[in-house]
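Have a look at the structure below before the remarks.
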Amino acid sequence: MKLIVGLGNPGEEYELSPHNLGFRAVDRIANELGVEVRNRQCRALTARTLIGLETVLLAKPETFMNLSGISVRELVSKHEVRVEEDLIVIQDELDFSLGTVRLQRKRSSAGHNGIESIIDAMGTNDFLRIRMGVAPDHKVEDGIGYLLSPFRKAQGKVVDEMLECAAEAVKAIVTDGEAAAMNRFNRKLDTEKD
């Protein structure tokens with residue numbers, strides 16, 4: 001079974017913030033598959049569904065971002081998930097410009113506290129990550145304030161495209177495999193910039 005974890009913070013005040021893109025991507029996948037992420041287990045809201053012929057568990061940790069690893073560790077243990085093969089984490093990434101989506105593994109946390117928490121809890125950074133760029137097109141004095149504030153309306157179209165790309169990437173990973181998905185999505189985004 002694949003465990004697909006979207007990172008974010010619980011609470012309406014964070015719902016539309018850059019830091020909650022992981023939650024929103026999981027919700028997008030759930031909506032497209034006709035399920036609701038509402039079952040409570042292992043300190044997360046979850047939904048079990050199928051992508052192709054593969055069973056997947058969608059999860060949104062309720063531990064707040066900085067303690068995401070606690071929930072992920074419990075989910076991995078309960079469902080006997082093989083971290084290197086079957087864990088997919090969807091996150092926001094301040095190091096990438098808004099609209100960029102990258103599939104990567106074996107990376108440092110790059111200062112992302114949710115990812116740092118998962119690396120600490122799992123004892124490895126060898127898991128697949130879908131990193132969605134949120135860096136603003138202007139200088140930000142307070143990075144955390146920016147990450148926890150709602151996106152501007154003008155950013156809505158790019159955010160929506162990024163969420164759709166992340167949802168499609170998850171489906172491609174599950175149905176076609178990681179290498180094919182990386183080849184398709186990482187290359188596609190590189191050529192768009194030319």
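The values are calculated or read from the model by the stated rules, or taken from the named source; none is laboratory data. This structure is a prediction, so every number in the text was calculated from the model and none was measured. Every residue, glycine among them, receives a Cβ derived from its backbone with ideal geometry; neighbour counts consider all protein chains shown. The accessibility values were calculated without ligands, DNA or RNA, using every heavy atom of the protein model including side chains. Shrake-Rupley method; radii C 1.70, N 1.55, O 1.52, S 1.80 Å.
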Check your understanding: Which of 46, 55, 63 moves the most in a Gaussian network model of the chain with Cα springs under 10 Å?
Key -> 55
Review point. If you roll a 1.4 Å probe over the heavy atoms of the protein chains, what accessible area per residue do you get for the chain, in Å²?
Key: 48 Å²
Check your understanding: For the chain, what are the DSSP H helices with axial Cα length of 24 Å or more and mean Kyte-Doolittle hydropathy of at least -0.5?
Key -> 156-176
Check your understanding: Considering only 128, 140, 109, whose Cα is most displaced toward the positive end of the charge dipole of the stretch 77-194, charges sitting on Cβ of Lys, Arg (+1) and Asp, Glu (-1)?
Key -> 140
Check your understanding: Top mean-square fluctuation among 98, 87, 53, Gaussian network model of the chain, C-alpha springs under 10 Å?
Key -> 53
Practice item. Take every DSSP beta bridge with both residues inside the stretch 1-63 and express the antiparallel ones as a percent of the total, to the nearest 5. Key: 75 percent
Exercise for review: For the chain, give the share of DSSP beta bridges that are antiparallel, in percent and rounded to the nearest 5; count only bridges with both residues there.
Suggested key: 50 percent
Check your understanding: What fraction of the Cα pairs in the stretch 45-88, stated in percent, has a spacing above 15 angstrom?
Key -> 45 percent
Practice item. Heavy atoms only, probe 1.4 angstrom, no DNA, RNA or ligands counted: give me 134, 158 ranked by accessible area, highest first. Key: 158, 134
Review point. Expressed as a whole percentage, what fraction of the accessible surface of the chain belongs to carbon and sulfur atoms when a 1.4 Å probe is rolled over the protein heavy atoms?
Key: 47 percent
Exercise for review: Quickly work out the residue 106-to-residue 55 label distance, labels modelled 7 Å from Cα along the C-beta direction, and quote it in nm with one decimal.
Suggested key: 3.1 nm
Check your understanding: If you place +1 on the Cβ of every Lys and Arg, -1 on the Cβ of every Asp and Glu, and leave all else neutral, what size is the dipole of the chain about its Cα centre, to the nearest 20 Debye?
Key -> 220 debye
